[in-house]
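These notes are about the structure you will find just below.
What follows is calculated from the coordinates using simple rules that are stated; it is not laboratory data. Since we're looking at a predicted model, the values are computed, not measured. Note that each Cβ is placed from the backbone with ideal geometry, even for glycine, and that neighbours are counted across all protein chains shown.
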């Protein structure tokens, strides 16, 4: 991904609200499945890591990105943005 593409995705993500929160349960199977489905529909999503989470922002974002094969576009504060290109419809 080029720097220009990443900048465009950051601009688009600016107005998004987090649709998932990672809390004390961490990154579990249900969260991975839900995030995977959301990325299939939206491509770009924002998530939040709650203060009650045992995981740091960096750990949670990298674990989740690896699990759903997505790219981390941006991490700020306790929020991060994931991107994965939509699969082409048959």
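So, R0 is 25 Å and r is the distance between the beta-carbons of residue 4 and residue 56; what FRET efficiency does that work out to, to 0.05? Spell out each step's value before the answer.
Details: r = 29 Å, r/R0 = 1.17.
Computed FRET efficiency for residue 4 and residue 56: 0.30.
In what order do 17, 58 fall by count of nearby beta-carbon atoms within 10 Å, going from fewest to most?
17, 58
Can you give me the distance in nm between label points at residue 71 and residue 29, each placed 7 Å from the Cα along the Cα-to-Cβ direction?
According to this spin-label approximation, the distance is 3.1 nm.
For the chain, take the longest principal axis of its alpha carbons; what is the angle in degrees between that and the long axis of helix 3-13, to the nearest 10 within 0 to 90?
The helix 3-13 is inclined about 60 degrees to the chain.
Just to confirm the number: angle between the C-alpha axis of helix 57-68 and the first principal axis of the chain, 0 to 90 degrees, nearest 10?
60
Can you tell me what the convex hull of the Cα atoms of the range 1-66 projects to on average, as an area in nm²?
Working: hull surface 19.1 nm².
Over every viewing direction, the Cα hull of the range 1-66 projects on average to 4.8 nm².
Can you tell which of 76, 22, 32 shows the greatest fluctuation in a Gaussian network model of the chain with Cα springs below 10 Å?
Its mean-square fluctuation being the largest, the pick is 76.
Relative to the longest principal axis of the C-alpha atoms of the chain, give the angle of the C-alpha long axis of helix 29-42, reported between 0 and 90° and rounded to the nearest 10°.
20
Fewest Cβ neighbours within 10 Å first, please rank 88, 43 accordingly.
Working: 88 5, 43 15.
Fewest-to-most Cβ neighbours within 10 Å comes out as 88, 43.
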